[in-house]
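Below is one structure, written out as C-alpha cells; comments come after it.
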C-alpha cells in the first residue's frame, strides 16, 4: 500500500470572536422546529510555505455582527501539511489535494471547537452540519 502524498502535521485555533447580542437564541428544539438559522460563512486560504509544506487556513463565521443576529462567532484555524508531489498525479489532482483536502481535514476540528465554545458559554449548543467546505 502506498502512503498518501499529504500528511497532516497539526492545527491551531489562532483567532476567536464571540459576541452575544441581546436577542433570544431559543432552545435547541425551538431552533430546529422553527427552522431558525444563523448565517454560516466560510473563508479559506492556502499558502505554500516551502517546497513541501502547506499552510491551510479556515475561517468559519456564524451569525452576523449586527444587533439583528442573536450572536456572532468567528473562528480561525490553520493546519500545517506536508505534501510530496507524486509523478502519478496530474495538476488538477494536486490542486484538489492542496485546496480541498486540507480544508476538509481542518473543518471537523473547527466544528468541534464551536460546539465546545457554545457549551462552555451556557447557550444552546451550536452543532454545525457536516458540509463540503471545498465548494
(request) Spot the failing condition for residue 45; the list is (1) at positive phi; (2) at pLDDT 95 or above, and only one is missed. (result) (1)
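Take residue 96 and tell me if it is modelled with pLDDT under 90 and part of a helix (DSSP H, G or I).
Here the answer is yes, as residue 96 does meet what is asked.
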(message) For residue 83, only one of the following conditions fails: (1) surrounded by 18 or more Cβ atoms within 10 Å (Cβ to Cβ); (2) at pLDDT 95 or above. What is its number?
(response) (2)
(message) So in the stretch 5-25, with the set limited to residues that are surrounded by 13 or more Cβ atoms within 10 Å (Cβ to Cβ) and outside any strand (DSSP E or B), which one is modelled with the lowest pLDDT?
(response) 25
(request) With the condition kept exactly as written, say whether any residue in the stretch 80-93 is closer than 22 Å to residue 18 by Cβ and free of Cβ contacts under 8 Å to residues at least 12 places away in the same chain. (result) no
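For every residue, the table says whether it meets (1) over 12 Å from the mean Cα position of the chain (by Cα); (2) modelled with pLDDT under 95.
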| site | (1), (2) |
| --- | --- |
| 27 | yes, yes |
| 31 | yes, yes |
| 40 | no, yes |
| 58 | no, no |
| 67 | yes, yes |
| 78 | no, no |
| 108 | no, no |
(request) Could you grab the pairs with beta carbons closer than 9 Å, sequence gap of 6+ or different chains, first residue in the stretch 107-135 and on the phi > 0 side of the Ramachandran plot, second one surrounded by 11 or more Cβ atoms within 10 Å (Cβ to Cβ)? (result) none
(request) Kindly establish whether residue 101 is in a loop (DSSP other than H, G, I, E, B), on the phi < 0 side of the Ramachandran plot and either exposed (fewer than 15 other Cβ atoms within 10 Å of the Cβ) or at pLDDT 90 or above (or both). (result) no
(message) Can you find a residue that is under 21 Å from residue 5 (Cβ atoms) and buried (at least 17 other Cβ atoms within 10 Å of the Cβ) anywhere in the stretch 59-77?
(response) no
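The values are calculated or read from the model by the stated rules, or taken from the named source; none is laboratory data. Please read these numbers as outputs of a predicted model, since none were measured by experiment. A quick note on method: Cβ atoms are made from the backbone with ideal geometry, for glycine too, and the neighbour counts reach across all protein chains shown.
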